[in-house]
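Some notes on the structure that comes next.
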Amino acid sequence: MDIRHVMKHSRKLVFCCAGSDCKKSGAKLIRKELKESLQEGDLKGKVKLIQTKCMDMCKSAPVVIVGDHFCKKTTSEKVLNQLKKP
Ligand code: FES
């Protein structure tokens, strides 16, 4: 496949834990805020949010993974900052 084609459609994957401890720590709000923030601006259409089950890092809840970076005890702001890093 043509590499340009792939690049054009490349999206960053963001894994949001939806396990019970992360939920208790505000994961739902993080997902909602991320969804809203990703509807506009530079990141629009470039990020795919994926919900996961417990990732066994409950002590660090809420947990969100951006690419290969673990955002622990995170906020939507921190996740967005991580996404904006090159
Ligand atoms: S509930 Fe999110 S890591 Fe366990």
Is it the case that the stretch 52-72 has a residue that's on the phi > 0 side of the Ramachandran plot and modelled with pLDDT of 95 or more? yes
Out of the strands (runs of 3 or more DSSP E) lying entirely within the stretch 34-83, which hold 2 or more residues that are within 11 Å of the ligand (Cβ to nearest atom) and within 10 Å of the chain's Cα centre (by Cα)? 64-66
Select from the stretch 58-72 the residues that are under 13 Å from residue 20 (Cβ atoms) and surrounded by fewer than 17 Cβ atoms within 10 Å (Cβ to Cβ) and list them in ascending order. 58
With respect to residue 6, is the statement that it is on the phi < 0 side of the Ramachandran plot, among the β-branched types (Val, Ile, Thr) and at pLDDT 95 or above true? no
Since residue 49 meets every condition but one in (1) of a type in the set (A, V, I, L, M); (2) buried (at least 18 other Cβ atoms within 10 Å of the Cβ); (3) under 20 Å from residue 10 (Cα atoms), which condition does it not meet? (2)
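The values are calculated or read from the model by the stated rules, or taken from the named source; none is laboratory data. Note that the structure is predicted; figures quoted are calculated from it, not measured. Don't worry about glycine lacking a Cβ; one is built from the backbone with ideal geometry, like all the others, and counts go over all protein chains shown.
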